[in-house]
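Undergrad: Please see the structure below; I have some questions.
The values are calculated or read from the model by the stated rules, or taken from the named source; none is laboratory data. Please read all numbers here as calculations on a predicted model, not as lab measurements. Cβ coordinates were reconstructed from backbone atoms using ideal geometry, including for glycine residues, and neighbour counts include every protein chain displayed. Quick note on the areas: whole protein, heavy atoms, side chains included, nothing else; ligands and nucleic acids left out. Shrake-Rupley method; radii C 1.70, N 1.55, O 1.52, S 1.80 Å.
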Amino acid sequence: MAGTQVNPTRMELTRLKKKLATATRGHKLLKDKRDELMRQFLDQVRENKALREQVEAGIQAANKNFLLARAGMQDEVLNTALLAPKQRVSLDYTLENVMSVEIPKFTFHTRTPDKNDIFSYGFAFTSSDLDGAVQSLSDIFPAMLQLAEREKACQLMAAEIEKTRRRVNALEHVVIPRLQENIKYISMKLDENERSTQIRLMKVKDMMLQEAHGYETL
């Protein structure tokens, strides 16, 4: 049933028809956006899975080497070797717009480009297992940043997909049906008013003919 506040006039009918056309076009655009977001979201999920497996394997290798280094070195020597980092890393980020979703992109810079600067200790009193652990963490660091990007992108895109889905459902099941119902109601009212007007005109015509000629029309 049409809303009680609907004014059954031709101006209102025209306004509602324009509103319905806008809602229908918006519904199609939002559905296209939702479908494209879903496609890109699934791509991000697949990349995220591959990166997570890579990062977990790298961290597992680093932990294994750290355990071997701890087993072969005194705790005081190990703690002293890792006490003062030699290399420094700075992190920058930018935002990339993907279907109205602001996804962060990370880039990092080291203080020096020398790969040996990751070792903050001398090699005379440390084991090669410690070198392997530090090297493993250094190698896996770029993939860890990429994994952070993908996971954040997945979170943001999932939230946008849910928001878009709610808008599509609202248009499809509430707004558009209500507009169609109101348009139908106004059209029926206008048709009814037009028939009533014709009947009144016919009666007026009959009365005029009766008054002018003194007879009634059949």
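Undergrad: Just name the residue that is most open to solvent (accessible area, probe 1.4 Å) out of those in the range 107-132 that are among the small types (Gly, Ala, Ser) and assigned to a helix (DSSP H, G or I).
TA: 128
Undergrad: Also: When residues of the range 1-41 are filtered for being more than 30 Å from residue 155 (Cα to Cα) and of a type outside the set (A, V, I, L, M, F, W, C), how many remain?
TA: 14
Undergrad: Quick check on the range 3-24: of everything there that is in a loop (DSSP other than H, G, I, E, B) and not hydrophobic (A, V, I, L, M, F, W, C), which residue is most open to solvent (accessible area, probe 1.4 Å)?
TA: 5
Undergrad: With respect to residue 42, is the statement that it is out of contact with any helix residue (DSSP H, G or I) (no Cβ under 7 Å at 6 or more places or on another chain) and loosely packed, with under 11 Cβ neighbours inside 10 Å true?
TA: On the way: out of contact with any helix residue (DSSP H, G or I) (no Cβ under 7 Å at 6 or more places or on another chain): yes; loosely packed, with under 11 Cβ neighbours inside 10 Å: no.
For residue 42, the condition - out of contact with any helix residue (DSSP H, G or I) (no Cβ under 7 Å at 6 or more places or on another chain) and loosely packed, with under 11 Cβ neighbours inside 10 Å - is not met.
Undergrad: If you don't mind, another one. Quick check on this structure: which one of 149, 172 is of a type in the set (D, E, K, R), over 30 Å from residue 104 (Cβ atoms) and touching a residue at least 12 places away in the same chain (Cβ under 8 Å)?
TA: Among 149, 172, only 172 is of a type in the set (D, E, K, R), over 30 Å from residue 104 (Cβ atoms) and touching a residue at least 12 places away in the same chain (Cβ under 8 Å).
Undergrad: Looking at 31, 49, which one is in contact (Cβ under 8 Å) with a residue 12 or more places away in the chain and either under 25 Å from residue 147 (Cα atoms) or out of contact with any Pro (no Cβ under 6 Å at 6 or more places or on another chain) (or both)?
TA: When all the criteria are applied, what remains is 31.
Undergrad: A follow-up question, please. Going by the conditions given, is residue 129 farther than 30 Å from residue 42 by Cα, at pLDDT below 90, touching a Leu at 6+ places or on another chain (Cβ under 9 Å) and among the charged types (D, E, K, R)?
TA: yes
Okay, residues lined up against (1) exposed (fewer than 11 other Cβ atoms within 10 Å of the Cβ); (2) in contact with a Phe, Trp or Tyr (Cβ under 9 Å, 6 or more places away or on another chain); (3) under 28 Å from residue 25 (Cα atoms); (4) among the small types (Gly, Ala, Ser):
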position: 105; (1), (2), (3), (4): no, yes, no, no
position: 134; (1), (2), (3), (4): no, yes, no, no
position: 173; (1), (2), (3), (4): yes, no, yes, no
position: 178; (1), (2), (3), (4): no, no, yes, no
position: 188; (1), (2), (3), (4): no, no, yes, no
position: 207; (1), (2), (3), (4): no, no, no, no
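Undergrad: If you don't mind, another one. I'd like to know if the range 48-66 contains one or more residues that are at positive phi and under 17 Å from the mean Cα position of the chain (by Cα). Let's see the steps before the verdict.
TA: Start the filter on the range 48-66 by keeping residues that are at positive phi, which leaves none.
No: zero hits.
Undergrad: Also: Residues in the range 58-95 that are small (Gly, Ala, Ser), in a helix (DSSP H, G or I) and either open to solvent by 80 Å² or more (accessible area, probe 1.4 Å) or without any contact (Cβ under 8 Å) to a residue 24 or more places away in the chain (or both): how many?
TA: So the answer is 1.
Undergrad: Have a look at 192, 151, 211 and point out the one that is modelled with pLDDT of 80 or more and exposed (fewer than 12 other Cβ atoms within 10 Å of the Cβ).
TA: 192
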